[in-house]
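Read through the structure below, which is laid out as structure tokens, and then see the notes.
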Amino acid sequence: MERITMHPILGESPEGKCVEFTCDGKKLEGYEGEPIASALRVNGIMVHRYTAKRHEPRGVFCAIGRCTDCVMIVDGIPNVRTCITPLKAGMVVQTQYGVSAKEEAK
Amino acid sequence: MKIEHKELIVIGAGPAGLSAAIEAASRGIQVTVYDENARPGGQLFKQIHKFFGSKEHHAKIRGFKIGDELLKEAHEKGVEVVLNATVMGMFAQKEITVMINDEVHHVKGDAILVATGASENMVNFRGWTLPGVIGAGAAQTMMNLHHIKPGERVLMLGTGNVGLVVSFQLLQAGCEVVALVDAAKNIGGYGVHAAKLARTGIPFYLSHTIKEAEGDDHVTGVTIAEVDDHFQFIEGTEKHFDVDTICVAVGLSPMAQLLKMDGVGMKDTRGGYVPDCDETGATSIPGIFAAGDVTGIEEASSAMIEGRMSGYAIAEYLGYMTKEEKDAKEEELDQSLDALRQGMFAPKNRGKEITKTEEDILISTNLLKHGFVADDEISRFPGFVHKAAIHPVIECTQNIPCNPCQSACHKGCISIGENMTSLPISVKESTCINCGMCVASCPGQAIFLVEEHEDEDYGLITMPYEFLPLPEVGDLGHALGRSGKALCEAEITQVRAPKSYDHTALVTMKVPYHYIDLARFYKKGDE
């Protein structure tokens, strides 16, 4: 999804400081301090995790840290709510399978 | 564990919590507000539309600006706001546990106000867990706080005020809204909110709901179908839309878990499971108060008044105010709150079928079913008049508590009277000076300025416009009707957007005389 650059009510969107991070090993860019989930969505990533039993995809749902559908592995820590966790340079983000990363799930 | 002590603990830094904190702190009480979010203000900073009500309810001011004002005032009064602070438990003797930076603190207050607000309801349909199905609140958070589009093509489920307002905000963010869908028979929110969507051409499907969200890894489409009186799908009525996002706005539920945990008396109501409290939010346990949506779903304007009432009641409870003082304040606020709880959508009218306005005019059924007043219905409302010279045409046809248009006009062209739910009257005898303030101040964007040139076979229609890009003088395009259907060619003759209009631009288009009663929106280019 795109960023909104100009808005009829809010005006010009603040331009953030661009930082690099990775998602499943892929180098991506986002704005420092924005929710990890926002940076992922801008990069077209919708699936944040797969459920443990039925392996169903899940993504952002409430965007305010309440539903926990968007949790991922961030810097090795599972179950991080990406919708309310600010993006930092060099973050290592991984799709979560159940409660672990892919390699361990197999 | 060491127990910290606070004079007043407020849980939740939204409109109710902050309003209470401000009033309590003004009386000299030391107030600490805990909020689990990284920013204070609750949902106010996502509300980019102009609020309804009257001046005392911050009418015609956009929600996020009200949020700024509240925060500034709280800061000035010395209210301590602790963010990223999740209150985990509430216990006897007015004690709470709160997690701040992965550390649990044990805090005891002389009084506690719970202003935790509400959470979104959901409905289940096949595929509802797919990425791309989001809550309406999520859409607002993404576009209005984080400046990203929630999706490119969106279907909205729910036509209450949240569904209507968020749909409009999606358009403002540059998204396409393909349809609004609701299982109910009638549109649940204000007609004026629906009308400003309908005239852009968005269809409403009432008595419809989602059958299935389609897609393997994320939403790629959606199928809706009509439902019967028992909410069962009617076979053969399916309709498909290619969308990447489905937005769900099907109501809110009070988040009263902390109060229940504390042992406060609760009650089950139509509005959810809420604390049994009086007008000031005093619960069954002395010293424990509740305000805002946690006591029953309303909106931010009433939450702010409830918060202030609780602030006074707490001041009295803690000995900072006499009972007489408190009672006087309470009475004043009670009137203000009561004014907001009137009209067609008042809590007392929920579930009732209303067929006539307070003025005994048949309401527009087309507005309830399709989102716009039909062309043959509009002339029965008092805001609709004919006159050669420029004059306001006010397409506000439901009794809602709102009157900024009346105070915006200093020439007496608009009359609502004492009762703020009365339908606005366009006063034919008054002289409109084309200042445009009524158009810009109407939170429902329901006012148009019309100039009729019958002899020369044209008319000028000035409409509110809150999208980008703004049309420019000389632009040629089409005038759209209330349903969003292209009617005739139109030329833009004036575009005004001074600061006083607060981001509601006024766009004037020239149309053939025949269309002056029908043309209500503009679209550039052919089609």
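The values are calculated or read from the model by the stated rules, or taken from the named source; none is laboratory data. All values derive from a computational prediction rather than experimental measurement. Every residue, glycine among them, receives a Cβ derived from its backbone with ideal geometry; neighbour counts consider all protein chains shown.
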**Report entry** Hey, B:R270 basic (K, R), surrounded by fewer than 18 Cβ atoms within 10 Å (Cβ to Cβ) and in contact with a Pro (Cβ under 7 Å, 6 or more places away or on another chain) or not
**Finding:** no
Query - Candidate set from the range A:86-106 (those that are part of a loop (DSSP other than H, G, I, E, B) and surrounded by fewer than 20 Cβ atoms within 10 Å (Cβ to Cβ)); member that is farthest from the other protein chains (Cβ to nearest Cβ) - result: A:G90
**Report entry** Where B:E353 falls short, out of the listed (1) surrounded by 12 or more Cβ atoms within 10 Å (Cβ to Cβ); (2) not in a helix (DSSP H, G or I)
**Finding:** (1)
Query raised in the report: Could you say which residue among B:G296, B:G319 is free of Cβ contacts under 8 Å to residues at least 60 places away in the same chain, under 19 Å from B:K94 (Cα atoms) and not aliphatic (A, V, I, L, M)?
Result: B:G319
**Report entry** Pairs where the first residue, in the range B:135-164, is under 19 Å from A:G11 (Cβ atoms) and in contact (Cβ under 8 Å) with a residue 24 or more places away in the chain and the second is part of a helix (DSSP H, G or I) and among the polar types (S, T, N, Q), C-beta under 7 Å, 6+ apart
**Finding:** B:Q140/B:Q169; B:M143/B:Q169; B:N144/B:Q169
Requested in this report: Could you list, in sequence order, all residues of the range B:279-295 that are at pLDDT 95 or above and not hydrophobic (A, V, I, L, M, F, W, C)?
Outcome: B:T280, B:G281, B:T283, B:S284, B:P286, B:G287, B:G292, B:D293, B:T295
Requested in this report: Evaluate the range A:36-43: report whether one residue or more is at pLDDT below 95 and either in contact with a helix residue (DSSP H, G or I) (Cβ under 6 Å, 6 or more places away or on another chain) or more than 29 Å from B:T116 (Cα to Cα) (or both).
Outcome: no
Requested in this report: Within the range B:483-512, track down each residue that is touching a His at 6+ places or on another chain (Cβ under 8 Å) and not in a strand (DSSP E or B).
Outcome: B:S483, B:A497
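Residue-wise test of (1) surrounded by 15 or more Cβ atoms within 10 Å (Cβ to Cβ); (2) in contact (Cβ under 8 Å) with a residue 24 or more places away in the chain; (3) of a type in the set (D, E, K, R).
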residue	(1), (2), (3)
B:K348	no, no, yes
B:I363	yes, yes, no
B:L367	yes, yes, no
B:F372	yes, yes, no
B:E377	yes, no, yes
B:A389	no, yes, no
B:Q398	yes, yes, no
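Here is a yes/no grid of residues against (1) closer than 29 Å to B:T355 by Cβ; (2) without any contact (Cβ under 8 Å) to a residue 24 or more places away in the chain; (3) in a strand (DSSP E or B):
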{"position": "B:V385", "(1), (2), (3)": "yes, no, no"}
{"position": "B:G412", "(1), (2), (3)": "no, yes, no"}
{"position": "B:K428", "(1), (2), (3)": "yes, no, no"}
{"position": "B:A440", "(1), (2), (3)": "no, no, no"}
{"position": "B:Q445", "(1), (2), (3)": "yes, no, no"}
{"position": "B:F448", "(1), (2), (3)": "yes, no, yes"}
{"position": "B:E451", "(1), (2), (3)": "no, no, yes"}
**Report entry** Of all residues making up the range B:12-25, the number that are more than 23 Å from the chain's Cα centre (by Cα), farther than 29 Å from B:N419 by Cα and touching a residue at least 60 places away in the same chain (Cβ under 8 Å)
**Finding:** 3
Report task. State whether one or more residues within the range B:265-281 are under 19 Å from B:E23 (Cα atoms), in contact with a strand residue (DSSP E or B) (Cβ under 9 Å, 6 or more places away or on another chain), touching a residue at least 60 places away in the same chain (Cβ under 8 Å) and not charged (D, E, K, R). Result -> yes
Query raised in the report: Within the range B:332-341, can one find any residue that is under 26 Å from B:G17 (Cβ atoms), free of Cβ contacts under 8 Å to residues at least 60 places away in the same chain, assigned by TED's automatic domain parsing to the domain that holds B:H57 and loosely packed, with under 12 Cβ neighbours inside 10 Å?
Result: yes
Requested in this report: Could you run through the range A:5-52 and say how many residues are within 24 Å of A:P78 (Cβ to Cβ), within 9 Å of chain B (Cβ to nearest Cβ) and polar (S, T, N, Q)?
Outcome: 2
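For every residue, the table says whether it meets (1) surrounded by fewer than 15 Cβ atoms within 10 Å (Cβ to Cβ); (2) of a type in the set (A, V, I, L, M); (3) closer than 19 Å to B:S119 by Cβ.
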| residue | (1), (2), (3) |
| --- | --- |
| B:A198 | no, yes, no |
| B:Y205 | no, no, no |
| B:H230 | yes, no, no |
| B:I234 | yes, yes, no |
| B:V250 | no, yes, yes |
Query raised in the report: Got at least one residue in the range A:57-71 being farther than 23 Å from B:G151 by Cβ and surrounded by 13 or more Cβ atoms within 10 Å (Cβ to Cβ)?
Result: no
Query - For B:V177: the one exception among (1) at the interface with another protein chain (Cβ under 7 Å from one of its Cβ atoms); (2) within 21 Å of B:K369 (Cα to Cα); (3) among the β-branched types (V, I, T) - result: (1)
**Report entry** Qualifying position, being surrounded by fewer than 24 Cβ atoms within 10 Å (Cβ to Cβ), of a type outside the set (G, A, S) and at pLDDT 95 or above, among B:M321, B:M309, B:M304
**Finding:** B:M321
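Quick grid of which residues meet (1) modelled with pLDDT under 95; (2) surrounded by 18 or more Cβ atoms within 10 Å (Cβ to Cβ); (3) under 30 Å from the mean Cα position of the chain (by Cα); (4) of a type in the set (S, T, N, Q):
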position: B:S422; (1), (2), (3), (4): no, yes, yes, yes
position: B:T431; (1), (2), (3), (4): no, no, no, yes
position: B:G436; (1), (2), (3), (4): no, yes, yes, no
position: B:S441; (1), (2), (3), (4): no, yes, yes, yes
position: B:G459; (1), (2), (3), (4): no, yes, no, no
position: B:L470; (1), (2), (3), (4): no, no, yes, no
position: B:L480; (1), (2), (3), (4): no, yes, yes, no
**Report entry** Selected residue (criterion: farthest from the other protein chains (Cβ to nearest Cβ)) from residues of the range B:130-166 that are within 14 Å of the chain's Cα centre (by Cα) and within 22 Å of A:A37 (Cα to Cα)
**Finding:** B:V166
Report task. Just need a number here: residues in the range B:95-120 that are part of a loop (DSSP other than H, G, I, E, B) and surrounded by fewer than 16 Cβ atoms within 10 Å (Cβ to Cβ). Result -> 2
Report summary line: Taking the range B:35-61 and the residues there that are away from chain A (no Cβ under 14 Å) and buried (at least 20 other Cβ atoms within 10 Å of the Cβ), the one that is nearest to the chain's Cα centre (by Cα) would be B:F52
Query raised in the report: Looking at A:R66, A:R81, which one is within 28 Å of B:F64 (Cα to Cα), out of contact with any Leu (no Cβ under 9 Å at 6 or more places or on another chain), of a type outside the set (A, V, I, L, M, F, W, C) and at the interface with chain B (Cβ under 7 Å from one of its Cβ atoms)?
Result: A:R66
**Report entry** Residues satisfying the stated conditions in the range B:453-482, i.e. more than 14 Å from chain A (Cβ to nearest Cβ), touching a Pro at 6+ places or on another chain (Cβ under 9 Å) and part of a loop (DSSP other than H, G, I, E, B)
**Finding:** B:D457
Report task. Select the strands (runs of 3 or more DSSP E) contained entirely in the range B:126-238, then report the ones holding at least 3 residues which are hydrophobic (A, V, I, L, M, F, W, C). Result -> B:153-157, B:176-182, B:221-226
Query raised in the report: Do we have A:I36 as more than 18 Å from B:V133 (Cβ to Cβ) and hydrophobic (A, V, I, L, M, F, W, C) here?
Result: yes
